[in-house]
1. For segment B:55-83, which residues satisfy the criterion of being polar (S, T, N, Q) and either within 20 Å of residue A:12 (Cβ to Cβ) or modelled with pLDDT of 95 or more (or both)?
2. Can you tell me which of (1) under 24 Å from residue B:27 (Cα atoms); (2) surrounded by 12 or more Cβ atoms within 10 Å (Cβ to Cβ) is the one residue A:39 doesn't meet?
3. Just to verify a result, which residue in segment A:18-44, among those that are farther than 14 Å from residue B:212 by Cα and of a type in the set (Gly, Ala, Ser), is modelled with the highest pLDDT?
4. Check residue B:175 against each of (1) at pLDDT below 70; (2) assigned to a helix (DSSP H, G or I) and name the one condition it does not meet.
5. Given the options B:84, B:44, name the one that is over 17 Å from the mean Cα position of the chain (by Cα) and not acidic (Asp, Glu).
6. Out of B:201, B:165, B:158, B:196, I need the residue that is crowded, with 19+ Cβ neighbours inside 10 Å, within 15 Å of the chain's Cα centre (by Cα) and either at pLDDT below 90 or within 14 Å of chain A (Cβ to nearest Cβ) (or both). Which one?
7. What number of residues within segment A:1-15 are at the interface with another protein chain (Cβ under 7 Å from one of its Cβ atoms) and either of a type in the set (Ser, Thr, Tyr) or open to solvent by 90 Å² or more (accessible area, probe 1.4 Å) (or both)?
8. Only residues that are open to solvent by less than 30 Å² (accessible area, probe 1.4 Å) and hydrophobic (A, V, I, L, M, F, W, C): list them for segment A:16-35, please.
Amino acid sequence: MQTLMIAYAVVWAIIFGYLVVQYMRISRLENEIENLKKAIERKS
Amino acid sequence: MNKKALDIILYGLLLIGMFVSLYLIFQYAPPAINPTNNQTWYEQKIFYVHVSSAWTGFLAFFVVAVASIIFLRNESRIADLVAQTSAEIGIVFTTLTLISGPLWAKSFWGRYWDWSEPRLVTALILWFLYIGYLILRSSVGEDFRRARFAAVFGIIAFLDVPIVFLSVRWYRASHPPLLVFEPGGLDPSMKVAFFFTLFIFTVFYVVLLRNALRIKLLQDELNRLKEVI
């Protein structure tokens, strides 16, 4: 049963880990957009 | 409440939910007795992740069908993105179903796969249908035309979902039907563990879909801004 419990924990960890990766990617994209918007403002 | 605060609360609740689910499955719900040999059947606990991932896959494909219908009616780009993203997530959860199912089957039937089992075969067909859907989406051709083809394909492919679900009732099969709602089907503590896990999987799906959509929309905006600059 211990193996099964570890397998469950691994599945949960993979899904949750992917959510964290998604969150980091969203933050990075938001920052890039913000920087580009500032650059466009400076240009105009 | 801003998006970041909502994300942190949602992620925190999911993390707690994951641990609660593990506790419910492995401590709260008793192990079942294997009807074939009357021994404690720990592998039955695969059921919680197997059924929950199957349900989430079906939900994802339902969303693909609904979003495809909306896209065909009003050509909404968001609906098209929802359909594509939901299909990707649905494949992940159906893959998990197709991995956990044979592990459970081995402990019950003594073999991983049975080609005469209608639910196994129809579930595998479902998986291939949505792999085909994604291949169609990534194929070359004009974007709008491809999206229309994919939408029609997404609606037709969904017809396999009720077939997967009802196949064990239509044909003589060894795969057990879902006994959750039937009297004497599941121990009450197993029901608690099952419904909680089902809930957590559903929330995972919603958050995955929301995040993936945000990424695609942000990427679109970034590309648009790069063209401007």
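1. Filtering segment B:55-83 down to residues polar (S, T, N, Q) leaves B:56, B:68, B:74, B:76.
Of everything in segment B:55-83, those that are polar (S, T, N, Q) and either within 20 Å of residue A:12 (Cβ to Cβ) or modelled with pLDDT of 95 or more (or both) turn out to be B:56, B:68.
2. Answer for residue A:39: the failing condition is (1).
3. A:39
4. Among (1) at pLDDT below 70; (2) assigned to a helix (DSSP H, G or I), residue B:175 violates only (2).
5. Working: B:84 fails: over 17 Å from the mean Cα position of the chain (by Cα).
Selected residue: B:44, the only one of B:84, B:44 that is over 17 Å from the mean Cα position of the chain (by Cα) and not acidic (Asp, Glu).
6. Working: B:165 fails: crowded, with 19+ Cβ neighbours inside 10 Å; B:158 fails: either at pLDDT below 90 or within 14 Å of chain A (Cβ to nearest Cβ) (or both); B:196 fails: within 15 Å of the chain's Cα centre (by Cα).
From the options B:201, B:165, B:158, B:196, the qualifying one is B:201.
7. Pass one, segment A:1-15, residues at the interface with another protein chain (Cβ under 7 Å from one of its Cβ atoms): A:1, A:4-5, A:8-9, A:11-12, A:15.
Then keep just the ones that are either of a type in the set (Ser, Thr, Tyr) or open to solvent by 90 Å² or more (accessible area, probe 1.4 Å) (or both); that gives A:8.
Residues that pass the stated criteria total 1.
8. Matches in segment A:16-35: A:19, A:26, A:29, A:33.
The values are calculated or read from the model by the stated rules, or taken from the named source; none is laboratory data. What you see is a predicted model; the values in this text were computed from it and never measured. Backbone-built Cβ (ideal geometry, glycine too); neighbour counts: all protein chains shown. Remember, those area values only see protein heavy atoms, side chains included, never the ligands or the DNA or RNA. Shrake-Rupley method; radii C 1.70, N 1.55, O 1.52, S 1.80 Å.
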